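A short write-up of the structure that comes next.
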Amino acid sequence: MGREQDWKEIEKTQLNYEQGIKDQYKGIDIVKISKENRKTIHKMKKINAKADKLVKALLIWYVIFLILLIMLGLYIYIMYLNNIKSRVNIDFISDLKDCYGINAKVIKKDIDKSGNGKYVLKSKEKKPIEFIVIKEFGSYMFDYFDRTLKEEYEKSGDEIKKTFESHENHENSGLLKYSLIAEPTSLNDIDSIVNKFVQMRDNAGKHFGFDWNVNIRTDGVNQRILSMGETEDEESICRRAKCEYVFTEVELKKEEKFTEEEIERYYKPYALNLFVNGEKVLSKLSKPAMQQNVIYDYYNEDYTMPISALEDIEGVQITYDKYSTPLELTFKNKTYKIGGATVNLEHNTIPTYIEVQNVKQILEAELEFDYKKQTLNIVMK
């Protein structure tokens, strides 16, 4: 059989097969329909592929559009803030009086059309002090307390001038920057330095400012001597200064300057991160929530914490009023009234902020201090 005859036989067989299929389905050409369906499916695949490309392209353009929209929104918001800033003003004369107790009047000014620039003021008192205010829209800076510090230092006796070295600098704006620095050689020198600072504070009276820049310098590090108001006792100020001095020196690996007793008493970081059974305690007062700290009380020589920090401890129940002020704490069937400023465990009363040694007693817990890592872990039994 030749090749041509072979192909004729194959075609005849195929035709017979297709006719048999057609007869089986009552004249419907299933084979033809199948071929047409395959063509349709092939076309649909091509269409779907094109549609996929189109969708991807549209998504890309949509993302680009969103990015451009966000950038435009940010630009408009920044322009809006700048516009608000240009219209914000502050009455610094009233603010100086209300916030700092400084009653003064303007005697000279060098300002722009928006009222920003340099003002020279004179305080309304028996011995008036001239000082400078630099105003910029809703904020201002002033050097009144730098000038009162300078005045107090310059009229002080030789002992104070031997203790502190003065540093004076005028900024381009004219603001005076004035500071005093003392450099102790040992821990014992802190008592004398703080005593001289308190003398100046008390002599200055209303001229004393919380931000007086009076420092103890330790190996090139300045630690400001702070007085919480005009009446904080000298002992608390001295203890704070000693803690900062010892902490700085120990961090600089100079423990040999102190006895073990001095390190034990004064190596106290101002704040420690609080844990309970090794788990972080989060503050209820901040949003977003941050880890709760305990703060060192230099007067009582103990760390203090808000009573609300205990509420997640198993077995502790704290009730609050509608203003979220804690009213009572209950632990092991014992209820403590919360209020006042002192602890009286005999009468079951505790303050809103409590020393950790009292927490230890109330909760029958152990306290694990790690001053190097600046942590306190309350271990419940």
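Within a 10 angstrom radius of the beta carbon, how do 207, 167 rank from fewest other beta carbons to most?
On the way: 207 21, 167 12.
In increasing order of surrounding Cβ atoms, one gets 167, 207.
Show me the three semi-axes of the equivalent ellipsoid for the range 163-264, from the C-alpha gyration tensor (sqrt of 5 times each eigenvalue), largest first, rounded to whole Å.
For the range 163-264, the semi-axes come out at 26, 17, 10 Å.
Can you give the Rg to Rh ratio of the range 277-323, both from alpha-carbon atoms, with Rh computed by the Kirkwood formula?
Result: Rg/Rh = 1.00.
Compute the Rg to Rh ratio over the range 89-142 from the alpha carbon atoms, using the Kirkwood formula for Rh, and round to two decimal places. Kindly include the intermediate steps, with their values, before the conclusion.
Values: Rg = 10.8 Å, Rh = 11.3 Å.
Checking Rg against Rh, the ratio lands at 0.96.
Take the alpha carbon atoms of the range 347-381, find their center, do the same for the range 216-235, and report the distance between the two centers in whole angstrom.
The distance from the Cα centre of the range 347-381 to that of the range 216-235 comes to 28 Å.
Once phi is turned into ³J(HN,Hα) by the Karplus curve 6.51 cos²θ - 1.76 cosθ + 1.60 with θ = phi - 60°, what whole-Hz value does each residue of the range 157-165 show in order, with x for glycine and proline?
Karplus-based 3J(HN,Hα) across the range 157-165 equals x, 5, 4, 5, 5, 6, 6, 10, 9 Hz.
In the structure shown, do any of 135/206; 254/284; 253/280 have a Cα-Cα gap over 32 Å, and if so which?
From 135/206; 254/284; 253/280, over 32 Å: 254/284.
Taking the Cβ of each residue in 279, 183, 260 as the centre, tally the other Cβ atoms inside 10 Å and list the residues starting with the fewest.
Ordered from fewest to most neighbouring Cβ atoms within 10 Å, 279, 183, 260 come out as 260, 279, 183.
Within a 10 angstrom radius of the beta carbon, how do 258, 197, 369 rank from fewest other beta carbons to most?
Final ranking by Cβ density, sparse to dense: 369, 258, 197.
Kirkwood Rh over Cα pairs of the range 247-381 into Stokes-Einstein at 10 °C, 1.306 mPa s: D in µm²/s?
Approximately 99 µm²/s, per Stokes-Einstein.
Do any of 161/268; 97/268; 108/150; 334/372 go past 26 Å between their Cα atoms, and which?
Working: 161/268 30 Å; 97/268 37 Å; 108/150 22 Å; 334/372 35 Å.
Long pairs (Cα-Cα over 26 Å): 161/268; 97/268; 334/372.
Each value in this text was obtained by applying a stated rule to the coordinates, not by laboratory testing. Just so you know, these numbers come straight off a predicted model, no measurement behind them. Reconstructed Cβ throughout: ideal geometry from the backbone, glycine too, with neighbour counts over all protein chains shown.
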